Amino acid sequence: MPIRRCNEKKCLRIILLLLTFLSAAAILSAQEKIEWEPVDGTDHYRVEIRLNGELVLETRSNEPHIPLFLPPGEYDFQIKVINTFGKVASAGEWSPLKITAPEIPFIIDFLPMEIHEGGEAVFRTRVSGLVSEPGESTIFILEDAEGKQLQLESEPSAATTEGQNGDWKEVILKARRPKPGPGPWTLVMTNPDGRENRMETALVVLDRLRPRIRKFSPREIPAGEVHNMVVLEITGMESGAVIEFSGPSVIKATLLKENKDGILEYSLNLQDVGIGWYSVSVTNPSGDSDFKAKAFEVLPAPPTPEEITAANALKIDENEPRPIPEFPRSVFGGWHFTFPIGSASEYFKNGYAGLSLGFSQKFHNDLVRRIPGFDGIAWDFTFSYSYNRTTFPLIVINLNRYDFLLGLNYVTPFDFPVNLLLRTGAGMGFSIYTSPDHDRDEWLGPFKLRELDSLDFIARFGIGARYEINTRWYIDLTCDIAATFYLSRSAWSIQPRLEGGWQW
């Protein structure tokens, strides 16, 4: 049989196409193939493919399909059935075959790259190779370091029409429930054919902090000066937090310094500002905030030498009483234990159940407010309950004490984290006796339990420490020496106390 030779240009074109076919076949999946109905008695099939009427490929296949590894283009193909004698038993019609280039996913950018935990999880991403066919579309997933995945809802962005040239598209991505937790997340873009692209650490979710204003110093600042340095201590503050001052008038505040411990130094311009209390608020970018009412007070400007001279001429009394305290009243409550001492320990056991409730108010009269160091003196009224146990021969008896005391307490007025607390009080107490085994009206030898009940005089003296959590809340840790004066004897005890209170 004579051998047909191809011209140089034609051969070169066929060789380039074959090389392209081989390189394309390396990335195609098993589903990309040409299939046809099998024919019984067939030895094999011959597939001929032509481009623009010119034969570019002729191949043999023992199965009724061949892999589709052609580059994009519009082709015609024909299937021939070859019998066992190597002859063409039948041939199909030439059929059109259109091959399009696969969409290669690629993530160009992703914004925002940082959000706070629990914040709005709406993102914008620019991508190429996006597939948005009915029933088949690109899937976007966030994946953390442990492999946890969150699928994102996607929708086209209105901005994609601006300057769009077909190479990229902008997509809006939304995370519903659950939202991504703290840490780095990878964005995965996956097309329906299985191709994917990954952008490592596309998103970092920051811990959501809850700010707390711990301290503002100084608490009192005279008006009139342009530069007044103050120190503000805040915990749980995020980068970019907004701090605002509010009060009788607008204060111009300039941040001078901020360190990593949340201590900020400000310069306040108090020239021509209103006199009175001012509040401070802090709001984190994640949404949490804190508000400190009456953080500091702007006092009247100090008198000028001329005003002092005029005041002396008018014989103005310089010993004016201090202002009424900011929060003069408080309620408190807590727990205490009772440990009998001296002869009382022969009758009563240690009591580990006790509570107290009370009300306290600082003195308002001018005399007390004129005495230096007496800012912290107050009167209080306290109800106290204590439980002790005693063992009479073969009888268990419980003592329940209900005390009502009127007293004084004093807290040192220094700007320390912990201040000294002194208190004293006296009043009346009721002693009620019960037994887990006997009725109160039952005769227990020479007496009934009810006959032991008494109304007694009580007194106490205590010393301890007070810690102010903020301007409203405080905690007292004290130790009292308490005495109960019965008709025939007195009983002494030590009572450690832990109490908390709220001022207004």
Search result, residues across segment 251-304 that are basic (Lys, Arg) and either crowded, with 19+ Cβ neighbours inside 10 Å or in contact (Cβ under 8 Å) with a residue 24 or more places away in the chain (or both): 292, 294
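Which one is farthest from residue 187 (Cα to Cα), of the residues in segment 95-123 that are open to solvent by 80 Å² or more (accessible area, probe 1.4 Å) and free of Cβ contacts under 8 Å to residues at least 40 places away in the same chain? Can you show your working first?
First pass over segment 95-123, keeping only residues open to solvent by 80 Å² or more (accessible area, probe 1.4 Å): 96, 98, 100, 103-104, 106, 111, 113-114, 120.
Imposing the further condition that a residue be free of Cβ contacts under 8 Å to residues at least 40 places away in the same chain reduces the set to 96, 98, 100, 111, 120.
On the way: 96: 39, 98: 33, 100: 27, 111: 11, 120: 17 Å.
In this case the residue turns out to be 96.
Being of a type in the set (Gly, Ala, Ser), more than 15 Å from residue 399 (Cα to Cα), surrounded by fewer than 15 Cβ atoms within 10 Å (Cβ to Cβ) and modelled with pLDDT of 85 or more narrows it down to one of 373, 333, 358, so name that one.
Working: 373 fails: modelled with pLDDT of 85 or more; 358 fails: surrounded by fewer than 15 Cβ atoms within 10 Å (Cβ to Cβ).
Sole residue among the options that is of a type in the set (Gly, Ala, Ser), more than 15 Å from residue 399 (Cα to Cα), surrounded by fewer than 15 Cβ atoms within 10 Å (Cβ to Cβ) and modelled with pLDDT of 85 or more: 333.
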Among the listed residues 493, 488, identify the single one that is small (Gly, Ala, Ser), touching a helix residue (DSSP H, G or I) at 6+ places or on another chain (Cβ under 9 Å) and either more than 30 Å from residue 280 (Cβ to Cβ) or open to solvent by less than 80 Å² (accessible area, probe 1.4 Å) (or both). 493
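For residue 454, indicate whether it is within 19 Å of residue 386 (Cβ to Cβ), over 53 Å from the mean Cα position of the chain (by Cα) and not β-branched (Val, Ile, Thr). Before the answer, list the steps.
Values: within 19 Å of residue 386 (Cβ to Cβ): yes; over 53 Å from the mean Cα position of the chain (by Cα): yes; not β-branched (Val, Ile, Thr): yes.
Yes.
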Could you tell me whether segment 442-450 includes any residue that is in contact with a strand residue (DSSP E or B) (Cβ under 8 Å, 6 or more places away or on another chain) and assigned to a strand (DSSP E or B)? yes
Evaluate the following for residue 426: is it free of Cβ contacts under 8 Å to residues at least 60 places away in the same chain, in a strand (DSSP E or B) and open to solvent by 30 Å² or more (accessible area, probe 1.4 Å)? yes
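Please verify whether residue 195 is modelled with pLDDT of 85 or more and either open to solvent by 70 Å² or more (accessible area, probe 1.4 Å) or of a type in the set (A, V, I, L, M, F, W, C) (or both), treating the condition exactly as stated.
On the way: modelled with pLDDT of 85 or more: yes; either open to solvent by 70 Å² or more (accessible area, probe 1.4 Å) or of a type in the set (A, V, I, L, M, F, W, C) (or both): no.
No.
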How about segment 20-76: which strands (runs of 3 or more DSSP E) wholly inside it have at least 1 residues that are modelled with pLDDT of 85 or more, open to solvent by less than 50 Å² (accessible area, probe 1.4 Å) and touching a Gly at 6+ places or on another chain (Cβ under 7 Å)? 44-51
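Step by step: first the residues of segment 435-469, then only those that are among the β-branched types (Val, Ile, Thr) and surrounded by fewer than 16 Cβ atoms within 10 Å (Cβ to Cβ), then the one that is modelled with the highest pLDDT. Which residue is that? So that I can check it myself, show each step before the final result.
Here is the first cut: in segment 435-469, the residues among the β-branched types (Val, Ile, Thr) are 458, 463, 469.
So of that shortlist, the ones also surrounded by fewer than 16 Cβ atoms within 10 Å (Cβ to Cβ) come out as 463, 469.
Numbers: 463: 94, 469: 87.
Once the filter is applied, the top-ranked residue is 463.
The values are calculated or read from the model by the stated rules, or taken from the named source; none is laboratory data. Quantities reported herein were computed from a predicted structural model and do not represent experimental measurements. Glycine also receives a Cβ, built like all others from the backbone with ideal geometry; neighbour counts cover every protein chain displayed. We work out accessible area using only protein heavy atoms, side chains counted, and drop any ligands, DNA or RNA first. Shrake-Rupley method; radii C 1.70, N 1.55, O 1.52, S 1.80 Å.
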